[in-house]
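Here the structure comes first, spelled out in structure tokens, and everything after it is commentary.
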Amino acid sequence: MTKPQGAEHRLARTQRGKGAWVSAMYALIIFLFLYAPMVVMVVISFNGKNSIVEMDGFSFRWYKEFAENRALMTGLRNTLILALCASGAATLIGTAAAIALDAWKKSLTRSALMVVTDIPMMAPDIVTGISMMLMFVLFGTIVGNGGSLGFGTLLIAHITFCVPYVILSVLPRLRQMDPHLAEAAMDLGCTPFAAFRRVVLPNITSSIVTGALMAFTLSLDDFVISHFTTSGSFNTLPLEIYSITRKPVRPSIFALSTLIFVGIFLLLLLINFAQSRAERKTIR
Amino acid sequence: MKKNRLIDLQNISVTLGDTPVLQGMNLYIRDKEFITLLGPSGCGKTTTLRLIAGFLQPDSGEVFFDGKRVGDTPPHRRPVNTIFQRYALFPHLNVADNIAFGLRLQHKSRVDITRTVDEMLSLVNLKSFANRAVASLSGGQQQRVAIARALAVKPKVLLLDEPLGALDLKLRKDMQLELKKIQRRMGITFVYVTHDQEEALSMSDTVVVMDGGEIQQIGTPIDIYNEPVNAFVADFIGESNIVDGIMLRDDLARFSGHEFVCVDHGFAKDEAVDIVVRPEDVDVVAPDVGMLRGTVTTCTFKGVHYEMIVDIGGFLWMIQTTDYSPVGAFIGLHIEPDAIHVMKKSKYSGLFGDYSCFTEEYYELSEPEEA
């Protein structure tokens, strides 16, 4: 009962200290599980020797080998072109869809529409991939151009699975926005389109950027859906890598994977940055 | 008379979804007038404002500006500006750019824009805030920016949709005075929407009392308070005791078991009527000289006066007086002839005016928001 206050303080501090130690350990283990494989891969990609156990000094040898591999470089180029086109189109479509969904008055119809747009996100990639292939082949046969899978079909497939993510990013921002902003702009002399461009768009830009980056990343590393919706004529990087790994794996694949990892990592940082900026803006 | 009508709403009906919001509304607004649409939430006052602004088209009826039909004119071509309930300031622009928004759309020269923005900032006492982000301002300051932004484009009419609803009481009182001052100085028409009757009475030239999509009464604040047309208006504006009565003949009414001399006439002989007596118009006297007699059931100190609920033959009256009577006291009441207001029976008769369910919480209950 008469315990001095200082003792209690000390007790609280040691308890907090113990808690901090536990949570630090926990975080460490999580990071170890998540990133150990990456670290191993990155290290080996710089190994001078063609071995995963014998180390032979730091070298860019495998990066050079990868850069000289025509198939891989074409795959990389294809992937980047596809990701740019798909994310661009998905951003346009997704943003327009989000605006339409936000303007929808009847809540029942709206929630039904939301579920419909979310399904491609929930459905397993393999189902999406197979169903898309089926549709493309069927449609191709009907127009008498059977089995012409390639860039076009790949692009359509990628846009399809990217759109929900753009909607998911833009819609909440629209919801947060004062619904009277556009009206206020029109009230001050804007045409409806000018009101959108001058007031609505600047206020959702950051969420559109986030959505676009998300779409870009998703398109970049998609394998399953791409596998079903293209043929040999247009191969993306993940498909190219997959075909290589059926033979003994060359360390140049590690080099390539390291590059992809770093690229995706930077993109994720960008997304996070864009999101936190958007959040800071809404704080009143 | 007709010439003075700046805005004229004729036979307006609006239905949103399945609910009729306005039913055959007729209202004209004079130039340079401070007119207030007053009513409970859902009475159609905000809808009326949106009609004038052009955000809504009536199902039937016509809107005229300066005698010209404006049914098809979109909002951005109407000479009116709106102050929205939550201000709707543009968060991506700073204070000065918010105010300059409308001016830039009018392609004013840079010099003109700077001058007008400065004028507006000093009008609303925000001179040093030009470069601040709107998100960093307090509610009252945001309110001022909204006013400055709307006035910068020199509208003929300013529409205000419960502009003070989000402010605290003290700030609200200050802004009431300031708005009135601004309206006089700029010499433009204000159409003000509120559910706060005190706000309406203290600021307006004309008050329009609305309920259920219909106009109940139009008049000056004094008319509305002293001569309410029906039980709804009498109850909504201020406190009222509303009792059933019979008009025996001109200037003589009978209610609560007593005959009273009054100053109302023009009713049929023995016509059933509603009688309004304001709580502050009742004098407390000794029981033997009182016209009415009753027992005090509650007595609350309100600062300037005591507010008592008095049971008179089962009907509970509210009385505001400076003379204290303890709970349980048997008192007499005296009512002067001009304190009695007689109204025709209406669909609101019998719905209001009895204080039997009166509790202190009554005051805090309703701060309704209109959807």
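Quick one: of the DSSP bridges fully inside chain B, what percent are antiparallel, nearest 5?
80 percent
Taking the Cα-to-Cβ direction at B:Asp288 and at B:Asp174 and moving 7 Å from each Cα, how far apart do the two end points lie in nm?
5.6 nm
Hey, fewest Cβ within 10 Å first, where do B:Tyr28, B:Tyr348 land in order?
Arranged by neighbour count, lowest to highest, B:Tyr28, B:Tyr348 become B:Tyr28, B:Tyr348.
If you filter the range B:179-219 for GluC sites (Glu not before Pro), then keep DSSP loop positions with at most 15 other Cβ within 10 Å, what is left?
Hits after loop and neighbour filter: nothing returned.
Most fluctuating residue of A:His227, A:His180, A:His158 in a GNM of chain A with Cα springs under 10 Å: which is it?
A:His180
If the limit is 24 Å between Cα atoms, which of B:Lys127/B:Lys173; B:Lys269/B:Lys347; B:Lys108/B:Lys156; B:Lys108/B:Lys181; B:Lys32/B:Lys108 go over it?
B:Lys108/B:Lys181; B:Lys32/B:Lys108
In degrees between 0 and 90, to the nearest 10, how far off the longest principal axis of chain B does helix B:95-105 point, with axes built from Cα atoms?
Tilt relative to chain B: about 70 degrees.
Say R0 is 41 Å: what FRET efficiency, to the nearest 0.05, do B:Val327 and B:Lys269 get from their beta-carbon distance?
Plugging the Cβ-Cβ distance into 1/(1 + (r/R0)^6) gives 0.50.
What do you get for the angle between helix B:110-123 and the principal long axis of chain B? Use alpha-carbon atoms, 0 to 90 degrees, nearest ten.
With both axes taken from Cα atoms, the answer is about 20 degrees.
Which of A:Ser231, B:Gly303, A:Met73 sits farthest toward the positive end of the charge dipole of the protein assembly as shown, with +1 on the Cβ of Lys and Arg and -1 on the Cβ of Asp and Glu?
So the residue furthest toward the plus end is A:Met73.
In terms of Cα to Cα distance under 16 Å, which aspartates and glutamates are near enough to A:Lys106, apart from those fewer than 8 places away along the same chain?
B:Asp18
Who wins for biggest fluctuation among A:Trp104, A:Trp62, A:Trp21 in a Gaussian network model of chain A, springs between alpha carbons below 10 Å?
Per the Cα network of chain A with a 10 Å cutoff, A:Trp21 tops the list.
So what are chain B's ellipsoid semi-axes, whole angstrom, largest first, if each one is the square root of 5 times an eigenvalue of the alpha-carbon gyration tensor?
Its equivalent ellipsoid spans semi-axes of 45, 25, 16 Å.
Using only Cα atoms, find the angle between the long axis of helix B:139-152 and the longest principal axis of chain B, and express it within 0 to 90 degrees, rounded to the nearest 10.
Once rounded, one gets 60 degrees.
May I ask you to derive the FRET efficiency for A:Ser59 and B:Glu62 from their Cβ-Cβ distance with R0 = 60 Å, giving the value to the nearest 0.05?
Once the sixth-power term is evaluated, E becomes 0.10.
For chain A, set up a GNM with springs between Cα atoms under 10 Å and report which of A:Met122, A:Met25, A:Met38 has the largest fluctuation.
Greatest mean-square fluctuation among the candidates belongs to A:Met25.
Which residues' amide hydrogens lie under 5 Å from the amide hydrogen of B:Thr297, considering only partners 5 or more residues apart or on another chain, with H built in the peptide plane?
Under 5 Å from the amide H of B:Thr297 lie the amide H atoms of B:Ile309, B:Val310, B:Asp311, B:Gly328, each far enough along the sequence or on another chain.
Between the DSSP loop rule and a limit of at most 14 other Cβ atoms within 10 Å, which trypsin sites (Lys or Arg not before Pro) in the range A:91-122 are left?
Listed in order of number, the matching sites are A:Lys105, A:Lys106.
Residue by residue through the range A:54-68, what is 3J(HN,Hα) from phi via Karplus (6.51 cos²θ - 1.76 cosθ + 1.60, θ = phi - 60°)? Round to whole Hz and write x for glycine and proline.
Each residue of the range A:54-68 in turn: 8, 9, 9, x, 7, 7, 9, 3, 6, 5, 5, 4, 5, 4, 8 Hz.
For the residues A:Met55, B:Met175, what sequence is obtained by ranking on other C-beta atoms within 10 Å, fewest first?
Listed from fewest to most nearby Cβ atoms, that is A:Met55, B:Met175.
Just subtract the alpha-carbon distance of B:His305 and B:Asn11 from 0.36 nm times their residue separation and send over the number in nm, one decimal.
Here the answer is 101.4 nm.
If each DSSP helix of 4+ residues adds -39,500 (n - 2.57) and the sum is divided by the residues in the protein assembly as shown, what number results at 222 nm, nearest 500 deg cm²/dmol?
-15500 deg cm²/dmol
For the protein assembly as shown, place one equal point scatterer on every Cα, skip the solvent, and apply the Debye formula. What is log10 of I(q)/I(0) at q = 0.05, 0.11, 0.12 Å⁻¹?
Taken in order of the listed q values, log10 I(q)/I(0) reads -0.43, -1.13, -1.22.
Only bridges with both residues in the protein assembly as shown count here: give the DSSP antiparallel percent, nearest 5.
Within the protein assembly as shown, antiparallel bridges account for around 80 percent of the total.
At 7 Å along Cα-to-Cβ for each site, give me the label-to-label distance between B:Ser41 and A:Ile142 in nm.
In this crude spin-label approximation the distance works out to 5.1 nm.
Just tell me which aspartates and glutamates come within less than 19 Å, Cα to Cα, of B:Lys170; anything on the same chain fewer than 8 places away is out.
B:Glu162, B:Glu178, B:Asp196, B:Glu198, B:Glu199, B:Glu364, B:Glu367
Are there any helices in chain A, counted as whole DSSP H runs, that stretch 18 Å or more along their axis by Cα and score at least 1.6 on average by Kyte-Doolittle, and if so which?
Length and hydropathy pass: A:125-142.
Pull out a ≥ b ≥ c, the square roots of the eigenvalues of the alpha-carbon gyration tensor of chain A, then state rounded if a/c is under 1.5, prolate if not and a/b is larger than b/c, and oblate in the remaining case.
oblate
FRET efficiency for B:Asp31 and B:Ala135, Cβ-Cβ distance as r, R0 = 30 Å, nearest 0.05?
Between B:Asp31 and B:Ala135 the formula returns 0.20.
List the trypsin sites (Lys or Arg not before Pro) within the range B:252-328 that DSSP assigns to loop and that have no more than 11 neighbouring Cβ atoms inside 10 Å.
Hits after loop and neighbour filter: B:Lys269, B:Lys302.
FYI, it's all coordinate maths here, none of it is from the lab. Since we're looking at a predicted model, the values are computed, not measured. With ideal geometry, Cβ positions are generated from the backbone for all residues, glycine too; neighbour counts draw on all protein chains shown.
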